[in-house]
1. Provide the per residue accessible area, probe 1.4 Å, for the stretch 225-264, rounded to a whole number of square angstrom.
2. How much of the DSSP beta bridge set in the stretch 163-271 is antiparallel, as a percent to the nearest 5?
3. Write down the Å³ per residue value for the convex hull defined by the alpha carbon atoms of the stretch 122-200.
4. Go through GLN37, VAL140, GLY191 and say which Cα lies farthest out towards the positive end of the charge dipole of the chain; charges sit on Cβ, +1 for Lys and Arg, -1 for Asp and Glu.
5. Would you mind working out the magnitude of the charge dipole of the stretch 137-227 relative to its Cα centre, with +1 at each Lys and Arg C-beta and -1 at each Asp and Glu C-beta, to the nearest 20 Debye?
6. For the chain, with all protein chains present and a 1.4 Å probe, just round the carbon and sulfur fraction of the accessible area to a whole percent.
7. Roughly what angle does helix 29-40 make with the longest principal axis of the chain, taking Cα atoms, 0 to 90 degrees, to the nearest 10?
8. Just want the answer: with Cβ charges of +1 for Lys and Arg and -1 for Asp and Glu, which residue in GLN130, LEU24, ALA279 is farthest toward the dipole's positive end in the chain?
Amino acid sequence: MATSLEPIELPNWAWERAEVREALRARDIGAVFRHAQQYAGASQARIATATGMTQARVNEIINGRREVSRLDVYERIADGLHMPDDARHLLGLAASRERLSGGAAFDLAAFPEVVRVYAAQRSAAEEIQQQAREASELDVLAVRGLGLIGLNDSLLRACLPREQGGKGLRVRIALLDPDSDALARRAAEIGESAESLASGVRLAEARLRELAGTCNISVWKYRMLPTWRLIRTDSTMFVGAFDAGWEGHESATYKVMETPHGPLFRGFRRVFEAIIDAAERTV
């Protein structure tokens, strides 16, 4: 039987559950404590010991009679529950404290939003699909998009509702204009003919047009040399890069999460909105 002195360890999959993430995002500490009870079998006494509170205070928080608002208390709770960095970010905290070589503790001053790095998109595929299935908004910035959403076996195609009355997922896709000078330049960068690349974009657009009758999909064509490959699912973004010699899906993929003070997520989202504003809507 666990004692009040034993550390609290939630399994990794518990921190990824939608209800846990929502509680963290809302800073609903009562719900966070209840999830610690559910997924780690933690008693109120164990939670109190781990977070530096009294059991009576924990009881009040769990039952909604008291709220937490102080940053130092959030830090104690995150440390006591051994929150992974992405959970800390949802709570609005910096990553876990690290130690310099001299032994002095320091806290990352900014709120780092990059919570995971994948070697390539395929390594992140399962997580991207899971996020998309639970999302209400899906934004994609790509070149031709066949591997993302344009083919039956593409990464995100299975995440789209197939029937009228399905979940209200709003999808916006930005593809490179097949008639633009930027497309010809991109084709030259990767050693592909402009005709082949353009036909891929047109095929993806045609497939997305077919889906528009059953999903809330809009497709836009932009005319600038592609730099970023973006997949946004609500407050989570997966970011890769285009460069000479490789396609976006071959790039390292960064999982970026929205935090109250971080600039990266907001900056990438602003890039997407600016591209949409200057693009032509075709679907």
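1. Details: 1520 Å² over 40 residues.
Roughly 38 Å² per residue, with all protein chains present.
2. Details: 11 of 18 bridges.
Antiparallel bridges: around 60 percent, rounded to the nearest 5.
3. Convex hull volume per residue, Cα atoms: 106 Å³.
4. Checking the options against the dipole of the chain, the answer is GLN37.
5. It comes to approximately 260 debye.
6. Its accessible area is 49 percent carbon and sulfur atoms.
7. Around 90 degrees separate the two axes.
8. LEU24
The values are calculated or read from the model by the stated rules, or taken from the named source; none is laboratory data. These figures come from a predicted structure and were not determined experimentally. Positions of Cβ are generated from backbone atoms using ideal geometry, with glycine treated the same way; all protein chains shown enter the neighbour counts. In case anyone asks, the SASA skips ligands and DNA or RNA and just uses the protein heavy atoms, side chains included. Shrake-Rupley method; radii C 1.70, N 1.55, O 1.52, S 1.80 Å.
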